[in-house]
Amino acid sequence: MTGKSNRIYLLEEADVASALLKLGIPTMVGMLISALYNAIDAYFVGGLGMSQMGAVSVVFPIVQIIIGLGMMFGAGASSYISRLLGKGDNEQADRTASTALFSGLLVGAVIIIGILVFLDPVLTALGSTETILPYARAYARIYVTGSIINVFTVMMNNLLTAQGATKFTMIAMLTGSIANVILDPVMIYGMDLGIEGAAVATVISLCINMALYIGYIAKKKGVLKISVKNIVPSKTIYMEVLKIGIPVLLFQLLASAAMGSINTASKPYGDYAVAAMGAVTRIMTVVTYVVFGFLKGFQPFAGYNYGSGRFDRLKKSIKLCMAWSTAFCVIAGIVLVVFAAPIVSLFGTDTEMLALAETALRLNAVLFTTFGFQMVYASLYLAIGKSLVGSVLSLSRQGIFFFPLVIALPHLFSLAGVIWVQPAADLFTTILTAFFAVKINHALSAEISKEVD
């Protein structure tokens, strides 16, 4: 069986559990490694001082915005491509992949230039204090400039995932991540570049990742044919890509705004509060990326089988993803609660910072147990093209519920209110998700009953 037919077989005919594991584990491992090297990046920078650690926390939302641009075109195209492949329309899938890739790079370049022009006001708005700003500026100038490569790698990751080529995406991300872990201490301490060394190490690692994806395209591997001649800007392609991609971008924008608003809410209490909440964000990113990564593998499976009318396979995959993701979230939540103190101690030595981070981490970990449930149904609705509901579910946790809470709770309860914002948003999101979960499961059961009749 060829590589192409093997990937289609995986989406269409393979045992559901086996297919989900083969699709999900590589993307999960890849995103886990990516999140881990971000955490390790913060660990090495934390050794420079609290203001430097705060600087990394402040710049992190900017990077998430830029990644969101890549995800807008990449995830939007991925959903459409999965459905096209399910219907056997490979030519339109090729045009969609090529058009989305080059459009994303163009838009990304424009946004990056805009951020660099207004860098200081942006950093200040995201929570930089006077002591944090010089370090944040030095770090951001290098990292943000090089993040156009991030746009490319994120889009390629999504495009390859859409056709089931998850093993290669895992290898590419793993290679770049390992390079970053090795280069961080060398650049920061060995070459005495300080916080700028962390940014240089990350950009070099992204270049390595990009080179692997370019090689994949050049060798014409996979189902999709990505090339300049397949760039066909059309209303149909952009509408299909953006109706899924815009909610994904909004999710990233709101996630970035959420991080920035937490930094801003922490700012009146000093650098230690900004650093503490930044450390918690990095730690929670690791575990959320595990779930998010696994469900990236689930999305092409869901989109393909929905597009080809195989509703029984789709419903079985939902049940399995629910069981596996919830089990992970419960175990991870318990570990974070029990070992909160030693985990946060990796990110600094200041006693006030560590005490705040420990409390915040435990609160976040308790409600994280519901995150798998939230993401399964948000991912499902987006994968099958139901963008309105998918958007609402995706934007609830760090948007619809988060922002009213981040305004109200700190005002009512001061710093204690800051650390309660995300757990409270998780609670409300879980309740909303339950409503739409019941609705889609009834709809799928009805479709399966029609097939039987």
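Brief remarks follow.
- Residues in region 385-420 that are under 20 Å from the mean Cα position of the chain (by Cα) and buried (at least 24 other Cβ atoms within 10 Å of the Cβ) were compared, and the one that is nearest to residue 366 (Cα to Cα) is 397.
Matching residues to (1) within 18 Å of the chain's Cα centre (by Cα); (2) open to solvent by 10 Å² or more (accessible area, probe 1.4 Å):
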site: 244; (1), (2): yes, no
site: 249; (1), (2): yes, yes
site: 283; (1), (2): yes, yes
site: 312; (1), (2): no, yes
site: 340; (1), (2): no, no
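- Looking only at region 342-375, residues that are open to solvent by 60 Å² or more (accessible area, probe 1.4 Å) and touching a residue at least 12 places away in the same chain (Cβ under 8 Å) come to 5 in all.
- Being polar (S, T, N, Q), open to solvent by less than 10 Å² (accessible area, probe 1.4 Å) and over 21 Å from the mean Cα position of the chain (by Cα) holds for only one residue in 266, 256, and it is 266.
- Contacts under 9 angstrom Cβ, first residue in region 383-402 being without any contact (Cβ under 8 Å) to a residue 12 or more places away in the chain, partner open to solvent by less than 10 Å² (accessible area, probe 1.4 Å) and part of a loop (DSSP other than H, G, I, E, B), 6 or more apart: none
- Residue within region 220-238 that is touching a residue at least 24 places away in the same chain (Cβ under 8 Å), small (Gly, Ala, Ser), in a helix (DSSP H, G or I) and open to solvent by less than 30 Å² (accessible area, probe 1.4 Å) present: no
- In region 423-453, residue nearest to residue 278 (Cα to Cα) [restricted to those that are open to solvent by less than 20 Å² (accessible area, probe 1.4 Å) and not aliphatic (A, V, I, L, M)]: 423
The values are calculated or read from the model by the stated rules, or taken from the named source; none is laboratory data. A quick note: this is a predicted structure, and the numbers were derived from the prediction, not measured. Glycine gets a Cβ as well: all are built from the backbone with ideal geometry, and neighbour counts include every protein chain shown. Surface accessibility is based on the protein's heavy atoms, side chains included, excluding ligands, DNA and RNA. Shrake-Rupley method; radii C 1.70, N 1.55, O 1.52, S 1.80 Å.
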